[in-house]
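Some notes on the structure that comes next.
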Amino acid sequence: MTDWLPLFISHDEAQQLRTQLDADSLIGRVLRRQISELETYIAQPVEIPGQGEAGGPEHARHKQNYHYINLAGRLFMICGYQAYRDFALTLLKGYAAIYPWLASNISKDSNAPGRLFHQTLNENMWLLYAVEGYHCIAPTLSADERSLIESQLFRVMVNDALTHHAKDFDIVHNHGVWSVAAAAVCGYVMGDQKLVNYALYGLNGDSESGGFFAQLSQLFSPDGYYIEGPYYQRFALRPMLLLAEAMHRRQPELQIYQFRGQIIRKTCEALMQTAFPDGTLPALNDASKSINILDDGAVVAASVCFHRYGHHSQWIATAWQQSNVWVSAAGLALSVAMQYQPATQHNWGSLTLSDGPDGDQGELAILRHEDESGDMSMALMWYGQHGSIPRLHSALNHGHFDGLHLSLFNNGRESLRDYGFGRWVNVEPKFGGRYIPENNSYCKQTVAHNTVVVDEQSQNHGQSGEAEKRWGERHFFAVNNPVGQGMSARLHDYYPGVVMQRTVLMLNLSEFEQPLLVDVFRISSELVHHYDYCLHHLGQFVRSDVPLHLAETLKPLGTEHGYQHLWDCARAGVTAGGSVLFSWLDGHSYTTLVSTMSEGGELIVARSGASDPHFNLRNEPALLLRQQGADVLFASVIESHGFFDEATEISRDARGKVVRIDVLSHSAEQTELAIHCTEKRILRVAINNLDAPEAGTEFCAAWHA
């Protein structure tokens with residue numbers, strides 16, 4: 001085979017990687033770990049199972065097989081061990097011997113099934129990984145062996161993708177990114193440029209109705225934010241970057257790394273920019289709470305961006321945090337650079353990321369503060385487009401009704417949190433491993449988020465088609481104020497006739513251990529409504545300054561829009577103009593919420609898990625501040641303080657410094673608060689509510705005797 005061309009690793013690059021096998025470097029450690037994993041797997045009997053259910057043993061074995069075909073091919077190039085090549089060949093020939101005669105698998109999902117898996121997504125993942133492993137060993141194979149594998153395996157798989165599953169191939173969606181990446185890489189390996197073109201430009205060849213360029217143009221904002229949120233963004237990164245790297249090597253004239261103002265670099269950066277300081281990704285739209293920047297896609301992103309876009313230190317810091325690199329020339333370059341830069345955490349800073357393909361459909365706003373010890377606090381506010389866009393494709397259905405949602409991370413934990421999705425991934429006894437019914441009835445609903453619910457109804461009536469028509473707008477984003485940072489945004493008609501404005505200030509004051517978070521939610525309407533200001537946290541209740549009246553009998557808080565899944569546990573009255581204090585302990589630190597409501601009302605202590613006969617939901621605490629009125633104000637302060645360690649029996653500063661809040665004035669021009677603290681100190685905060693506040697006038701805060 002004399003026409004072999006490198007796909008991801010050339011012979012020279014393999015030789016350079018070989019020198020790292022015994023090196024005291026990150027890539028050396030990664031290589032040795034991968035070799036150990038591969039040899040452990042090779043030692044087991046080869047097994048090619050039949051079809052099975054999602055998450056079942058057959059599913060798991062097929063996944064392991066494609067992973068180790070890929071790994072065996074790569075490590076054969078690097079190490080030269082015949083056993084690796086033979087293992088990959090045995091599996092590939094085994095699959096080629098059965099694949100053409102397999103019928104479609106059984107699917108309990110809305111997605112079409114493949115022949116091996118319950119959905120075509122997994123089939124495309126199998127193809128992408130396996131065809132790379134094949135390419136690495138192809139020069140050592142006979143013509144008959146190559147013909148068998150290509151004609152009875154890869155050709156059948158791509159023919160299925162382009163004919164039987166054309167609708168799923170030509171979609172602008174994270175599944176579509178996997179399908180076109182698998183087909184394009186397969187086309188490069190088999191020398192089929194027509195197949196590559198279908199993958200790059202879509203079956204219609206227009207770069208709009210489908211194909212890789214359509215996905216890069218429509219799924220990402222100009223700042224790189226992904227339409228469905230970080231959880232699906234990190235999943236789409238893997239195939240996107242693998243295809244980009246193959247294109248760069250095989251069709252450099254396409255200049256893929258420069259396409260759309262370097263959108264590939266921007267989306268890799270956007271993923272990291274949204275991550276919490278511990279590397280966990282925020283749960284915007286359907287999302288797991290366990291996914292972080294250790295994901296394979298994020299690891300490939302750090303290596304590729306460092307290699308293709310300049311040797312920037314931010315990627316070195318990311319690789320230290322990941323303790324991993326992509327085994328490639330890109331990963332080698334990053335690993336070498338790490339030897340000259342010590343392990344540090346990169347501060348991505350405070351920023352906004354535009355949403356929508358043209359960047360004009362709202363934003364994600366993030367405030368970050370790093371103290372002298374390196375501890376990072378982060379507040380995130382969401383007011384972009386809805387993550388379900390039926391106009392683009394029915395499969396784009398992962399959006400939540402969560403405009404003006406707020407998340408807070410400090411003291412190493414997510415203090416105010418999003419529930420995330422409702423799904424037991426690939427756990428077949430739990431609704432087939434798919435999204436559970438409660439994902440729609442609770443997780444997507446507005447009450448499951450840290451925002452305000454009007455009349456116990458979700459935003460936009462809980463209708464994706466309505467939500468697609470609206471997005472929030474920035475009021476201000478100010479990070480250069482001497483006392484701290486602030487972000488403010490508005491929603492119009494998420495509820496008919498209601499205007500909502502949320503302003504979040506992160507004040508850096510020496511009197512407080514952590515930045516003081518001031519959260520002011522003002523609502524304007526001509527009609528009287530019922531408003532619930534919702535906050536979700538973890539940990540255990542510590543104290544309140546109002547008596548809590550426990551429910552004698554647990555009942556759901558409501559009947560629909562997520563309220564049916566919240567237990568009504570306790571209530572307390574709050575006088576008009578008065579404030580309420582509620583404190584909890586989570587991990588090693590205390591958090592105290594002090595809030596006031598312009599019209600007075602109730603504090604409701606709730607807990608998820610009601611109306612859930614199969615116990616699908618996690619039981620987690622929630623707080624709702626409830627008031628009625630037309631124009632109303634919720635003004636809150638969230639203070640993190642103290643330290644607790646049960647083992648050493650230490651509890652320090654279990655009470656915060658904030659005692660109560662008074663609203664001094666409130667109008668369309670300005671909101672002014674008096675935050676009363678211990679030692680009779682008063683912090684006065686003013687927020688500019690005008691439509692376009694001048695720079696430097698957005699907010700102010702000062703101590704008064």
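The values are calculated or read from the model by the stated rules, or taken from the named source; none is laboratory data. Keep in mind that this is a model prediction, so the values were computed, not measured. Cβ placement follows ideal geometry from the backbone for every residue including glycine, while neighbour counts extend to all protein chains displayed.
For segment 99-201, list the helices (runs of 4 or more DSSP H) that sit wholly inside it and hold at least 2 residues that are touching a Pro at 6+ places or on another chain (Cβ under 8 Å) and either surrounded by fewer than 24 Cβ atoms within 10 Å (Cβ to Cβ) or not small (G, A, S) (or both); which are they?
120-137, 174-190
Does W320 meet the test of being assigned to a helix (DSSP H, G or I) and aromatic (F, W, Y)?
Yes: the conditions hold for W320.
Would you point out which residue out of I661, I682, I650 is of a type in the set (A, V, I, L, M, F, W, C) and touching a Ser or Thr at 6+ places or on another chain (Cβ under 8 Å)?
I661 is the lone residue from the list that is of a type in the set (A, V, I, L, M, F, W, C) and touching a Ser or Thr at 6+ places or on another chain (Cβ under 8 Å).
Among the residues of segment 482-496, write down those that are farther than 23 Å from G399 by Cα and touching an Asp or Glu at 6+ places or on another chain (Cβ under 7 Å).
Across segment 482-496, the qualifying residue is only G486.
From the list E228, E269, pick out the single residue that is at pLDDT below 95 and in contact with a Gly (Cβ under 9 Å, 6 or more places away or on another chain).
The conditions single out E228.
Please indicate, with yes or no, whether at least one residue in segment 545-562 is closer than 18 Å to D402 by Cβ and assigned to a strand (DSSP E or B).
No: segment 545-562 contains no residue that is closer than 18 Å to D402 by Cβ and assigned to a strand (DSSP E or B).
Could you tell me which of the residues D455, D418 is in contact with a Pro (Cβ under 8 Å, 6 or more places away or on another chain) and either more than 27 Å from Q218 (Cβ to Cβ) or buried (at least 20 other Cβ atoms within 10 Å of the Cβ) (or both)?
None of the other options fit; the residue is D418.
Being over 19 Å from V453 (Cβ atoms) and either in the same structural domain as H676 (by TED's automatic domain parsing) or in contact with a His (Cβ under 7 Å, 6 or more places away or on another chain) (or both) narrows it down to one residue among V546, V520; which is it?
Result of the check over V546, V520: V546.
Tell me the strands (runs of 3 or more DSSP E) entirely within segment 570-670 that contain at least 2 residues that are among the aliphatic types (A, V, I, L, M).
Ranges flagged: 579-586, 589-597, 601-608, 621-629, 632-641, 658-666.
Between R660, R626, R655, which is within 30 Å of F421 (Cβ to Cβ) and in contact (Cβ under 8 Å) with a residue 12 or more places away in the chain?
None of the others qualify; the one that does is R626.
In the list G558, G577, G609, G629, which residue meets the criterion of being under 30 Å from the mean Cα position of the chain (by Cα), of a type outside the set (F, W, Y) and on the phi > 0 side of the Ramachandran plot?
G609
In segment 250-309, how many residues are assigned to a loop (DSSP other than H, G, I, E, B), hydroxyl-bearing (S, T, Y) and under 15 Å from the mean Cα position of the chain (by Cα)?
The qualifying residues number 2.
So S209 fits all but one of (1) more than 15 Å from I171 (Cβ to Cβ); (2) part of a loop (DSSP other than H, G, I, E, B); what number is the exception?
Going through the list (1) more than 15 Å from I171 (Cβ to Cβ); (2) part of a loop (DSSP other than H, G, I, E, B), S209 breaks only (1).
Considering only segment 71-114, how many residues are under 30 Å from I35 (Cα atoms) and of a type in the set (D, E, K, R)?
Qualifying residue count, segment 71-114: 4.
In segment 671-690, what count of residues is obtained for those that are in contact (Cβ under 8 Å) with a residue 40 or more places away in the chain and not in a strand (DSSP E or B)?
2
Tell me the residue from E13, E58 that is closer than 30 Å to K430 by Cβ, outside the structural domain of L243 (by TED's automatic domain parsing) and among the charged types (D, E, K, R), please.
Within the list E13, E58, the selection yields E58.
Here's the yes/no breakdown for (1) touching a Gly at 6+ places or on another chain (Cβ under 7 Å); (2) modelled with pLDDT under 95; (3) crowded, with 16+ Cβ neighbours inside 10 Å:
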{"position": "V542", "(1), (2), (3)": "no, no, yes"}
{"position": "D545", "(1), (2), (3)": "no, yes, no"}
{"position": "K555", "(1), (2), (3)": "no, no, no"}
{"position": "G562", "(1), (2), (3)": "no, no, yes"}
{"position": "C569", "(1), (2), (3)": "no, no, yes"}
{"position": "T575", "(1), (2), (3)": "yes, yes, no"}
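Taking the stated definitions as given, is R74 among the charged types (D, E, K, R), surrounded by 20 or more Cβ atoms within 10 Å (Cβ to Cβ) and at pLDDT 95 or above?
Against the criterion (among the charged types (D, E, K, R), surrounded by 20 or more Cβ atoms within 10 Å (Cβ to Cβ) and at pLDDT 95 or above), R74 qualifies.
Would you please name the residue that is surrounded by the most Cβ atoms within 10 Å (Cβ to Cβ), looking only at residues in segment 463-505 that are of a type in the set (K, R) and not in a strand (DSSP E or B)?
R470
What residue, of Q64, Q82, is within 26 Å of Q15 (Cβ to Cβ), assigned by TED's automatic domain parsing to the domain that holds A182, exposed (fewer than 15 other Cβ atoms within 10 Å of the Cβ) and at pLDDT 95 or above?
Of the residues listed, the single one that is within 26 Å of Q15 (Cβ to Cβ), assigned by TED's automatic domain parsing to the domain that holds A182, exposed (fewer than 15 other Cβ atoms within 10 Å of the Cβ) and at pLDDT 95 or above is Q82.
Can you pull out the residues in segment 692-702 that are in contact (Cβ under 8 Å) with a residue 24 or more places away in the chain and either over 14 Å from G486 (Cβ atoms) or not in a loop (DSSP other than H, G, I, E, B) (or both)?
F699, C700, A701, A702
Per-residue answers, yes or no, for (1) among the charged types (D, E, K, R); (2) within 23 Å of A448 (Cβ to Cβ):
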site	(1), (2)
R502	yes, yes
Q514	no, no
S524	no, no
G558	no, yes
L593	no, yes
A606	no, yes
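From the set of residues in segment 76-122 that are among the hydroxyl-bearing types (S, T, Y) and over 34 Å from the mean Cα position of the chain (by Cα), which is farthest from P437 (Cα to Cα)?
That would be Y81.
Scan (1) free of Cβ contacts under 8 Å to residues at least 60 places away in the same chain; (2) surrounded by 17 or more Cβ atoms within 10 Å (Cβ to Cβ) for the single condition H537 breaks and write down its number.
(1)
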